[in-house]
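Read-outs: derived from the displayed coordinates by stated rules, not from any lab. Fair warning: this is a prediction, and the values are worked out from it, not measured in the lab. Here the Cβ is made from the backbone with ideal geometry for all residues, glycine too, and neighbour counts use every protein chain on show.
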Amino acid sequence: MARMKFLCDADRCIECQACVTACKNEHEVPWGINRRRVITINDGLPGERSVSMACMHCTDAPCAAVCPVNCFYETDDGVVLHNKDTCIGCGYCSYACPFGAPQFPQTANFGTRGKMDKCTYCAGGPEPDMSHAEYVKYGANRLAEGKLPLCAEMCSTKALLAGDGDIIADIYRERVVTRGYGSGAWGWRTAYGDTVTV
Amino acid sequence: MTIFSRLFTAFGLVLVLSLGAPMASAQVNPTESSVTEDSLFEALGSAPVTGRTTIPDGKAGYLINDQNKSWAVLQGQTLHTISIWAVIGMVAILALFYLVRGKIRVDSGLSGHKILRFNGVERFAHWTLATTFIILALTGLNLIIGKSVILPLFGEATFGTLSTWGKIAHNYLAWPFMVALVLIVLLWIVHNVPNKLDMEWIKQGGGLFKKGVHPPARKFNAGQKLIFWSVVIGGAALSYTGIMLLFPGEAGTAADWQFYQTIHALVAAALSAIVIAHIYIGSVGMEGAFDAMGSGEVDENWAKEHHSLWVEEVKSAKDGDSKQAATPAE
C-alpha cells in the first residue's frame, strides 16, 4: 500500500504560518503545543528558504524504536500514530525524533510531562474513527472522512503537499523540471532513506 | 536649511541611489542562490539543520537533526541488550557459584553469643537506600525491557498503567535514595578507606572460593569496600544524570540529554548487577550474614571469621568502657 507523506516545496513556501494556525485550529491543540512549525533557513540572507515541518511519519520510525511502552503503531497508509493511554510521557521519542515532532504539555513538577502529542496526519488515534474520544485526545480524523491533512489542503501557494508519497514526489519532480530549480524534498532522506531525485 | 542645501541633498541622494540601483535591481538567480538540502547536508556534516522559527519555543528552531537517529539505535537496541545481559549474566554467575560453593557456612559453628554490628541509624540508612534502589532499578529496568517481557504477558492496558506508576515512583523515590546515599557516605566512609589489609583479602579471594580461609578484616572487608564505593560512585552518577533527565531544560542540547541518558542506563545496568551479587551474599549465599542488617546483631563466631580485627576492636573498646566506668569509683 502507498505511504502517506508530506513534502514541503521550500521554493514556494512564503512563511505565512497558515499551516501552523490551521493545524492548531482543526485539532484544538492546547497552548504551548505546535504539531507543525515553519523554520526559515538563511533568514534575511540571499537564498533564504522556509520549510514547514511536522512529524514526517518515517519508515522505521526512531520514536517507536525508543518508546519504552511501545505506544507507537503504523496504519495501513504508513501513518505513524500513538496511543495516549499507553504513553507515560517519558520524552524519549522527542530525543529520538530528527524533526522535533513530539510535543509535551508540562503538567506537574519535576519536569513531569503529560502525554505526548504530535501530528497525526489528520488521522486520529486508536479510538473508533471520528468518535468524540478520538477527537478529544488526537483531534480531527480527516483521513477517515476521505480528506487529506488540512495544513496541506489549505496551503495558499501549494508549497506543502500531502498524499501518496509517489504521487506528491511526481508533482514535485514536475515542478522542478518546469521551473528549473528546487531546494529538495526536505527531510525525506532522513525520514525514508532516499530523497526525490530529478 | 536653505532651499539650495535641500536641493543639493536631494540631488546627492538621487545620485547615490541611481549608482546603487543597478546592483539592487539585478536579477537574483534563485537556482544559484537558493539553499538546497543536499548542499546543506554536505556542508553541515552530521550537525543539525537550524533556522529561525516564530513559535515561542526557541529550541524548536532546528529543522532536521539526523544525529537523533543514532541515539535511537543506541537506546532501542544496544542499551536494551546490555541491560538484559548484565542482569541475566550476574544471576547465572551467582547460580553457578551457588552450585559449586554452596552456602558459605560459619566454619566454627554458631556460638549463640551476639554482638552489635550495625546500630539503628546505620540500618535505617541501609534499608532506605536498599528499598528505594530496588524500586528504582525495577521501574528503570521496566523502561528498558518491559516492552519485551511484561507487555506480551499482561497486555497494553495493564502495562501502560504499570509503567505510568513506575515512572512516577522512579521520579519521586529518587529523592529519598539521594538522601540515604548521603547518609551512607557520612556513616561509613571512615571505615571504607582502602588499606594494606585489602590487598591481602583480595589475594586470598576473600575466602569466598575456599572453605576455612578467612583473611583478616576490620569493620568492612575489601569486598564490602568495593560494594560501598560502587554504590557511592555509581549512585552519585545516577543521581546527577537522573536530575538532568528530570529537568531536561537544564541538561542543555538534545545531544547532552542523550549523553546523560546513556550514562544513566549503563551505570544502572552495572550497579544493578553488583547489587544482585550483594543481595545474594547477604542472604542465601552466607550463613549469618543477614543478621548484620536484620537485627543488627551478628553471631560472634561469624564475626570472628569474617571481621576478625573488628571483633578485637569492639572487644577492647568494651573492656576500655567497663574499665573507665569502673575507675570513677576509686
Across peptide A:98-105, what mean number of C-beta atoms from other chains lies inside 10 Å of a residue's C-beta? 4
Three principal axis extents, largest first, for the C-alpha atoms of chain B, in Å? 120, 61, 40
Please list 3J(HN,Hα) in residue order for the range A:3-19, calculated via the Karplus relation 6.51 cos²θ - 1.76 cosθ + 1.60 where θ = phi - 60°; whole Hz, with x for glycine and proline. 9, 6, 9, 10, 9, 9, 7, 5, 6, 10, 5, 10, 6, 7, 6, 5, 4
Which ordering of A:TYR172, A:TYR192 is given by a fewest-first count of other beta-carbon atoms within 10 Å? A:TYR192, A:TYR172
Per 0.36 nm of contour for each residue apart, how much would the distance between B:VAL73 and B:VAL190 grow if the chain were fully extended, relative to their Cα-Cα spacing? 37.8 nm
Once the Cα gyration tensor of the range A:37-78 is diagonalised, what are the square roots of 5 times its eigenvalues, in whole Å and ordered largest first, as equivalent ellipsoid semi-axes? 32, 12, 7
Residues whose modelled amide H sits under 5 Å from the amide H of B:ALA217, counting only those 5 or more places away in sequence or on another chain, are B:SER308, B:LEU309, B:TRP310
Label the range B:47-127 by shape, choosing from rounded, prolate and oblate, from the square roots a ≥ b ≥ c of the eigenvalues of the Cα gyration tensor; if a/c is under 1.5 it is rounded, and otherwise prolate applies when a/b is larger than b/c, oblate when it is not. oblate
Out of all Cα-Cα pairs in chain A, roughly what percent, to the nearest whole number, are more than 21 Å apart? 51 percent
Sort B:152-160, B:211-219 by packing, meaning the average of other beta carbons within 10 Å per residue, with the highest value first. B:211-219, B:152-160
In the range A:1-88, which chymotrypsin sites (Phe, Trp or Tyr not before Pro) are in a loop and have at most 15 other Cβ atoms within 10 Å, using DSSP for the loop call? A:TRP31
Please list, in order along the range B:168-175, the HN-Hα scalar couplings obtained from phi with the Karplus expression 6.51 cos²θ - 1.76 cosθ + 1.60 (θ = phi - 60°), rounded to whole Hz, x for Gly and Pro. 4, 4, 4, 5, 8, 6, 4, 6
The rounded separation in angstrom of the Cα centers of the range B:146-204 and the range A:128-198 is 47 Å
Is the C-alpha gyration tensor of the range B:82-121 telling us rounded, prolate or oblate? Criteria: a/c under 1.5 is rounded; beyond that, a/b larger than b/c is prolate, otherwise oblate. oblate
Please give the helix A:165-179 orientation as an angle from the longest Cα principal axis of chain A, in degrees from 0 to 90, rounded to the nearest 10. 30 degrees
Spelling it out for A:ASP11: with amide H atoms placed in the peptide plane at 1.01 Å from N, the residues 5 or more places away or on another chain with amide H under 5 Å from its amide H are A:SER183
Rounded to two decimals, what ratio of Rg to Rh does the protein assembly as shown give with C-alpha atoms and a Kirkwood Rh? 1.17
Figure the gain on full extension for B:THR50 and B:ILE84 (residue separation times 0.36 nm, minus the Cα-Cα span) and round it to one decimal in nm. 8.5 nm
Springs between alpha-carbon pairs under 10 angstrom, Gaussian network model over chain A: which of A:VAL79, A:VAL177, A:VAL66 fluctuates most? A:VAL177
Convert each backbone phi in the range B:183-192 into a coupling constant with the Karplus relation 6.51 cos²θ - 1.76 cosθ + 1.60 (shift: θ = phi - 60°), then list the ³J(HN,Hα) values in order as whole Hz, x for Gly and Pro. 4, 4, 4, 4, 6, 10, 4, 5, 7, 10
Does the range A:38-117 come out rounded, prolate or oblate, given a ≥ b ≥ c as the square roots of the eigenvalues of its C-alpha gyration tensor, rounded meaning a/c under 1.5 and, failing that, prolate meaning a/b above b/c? oblate
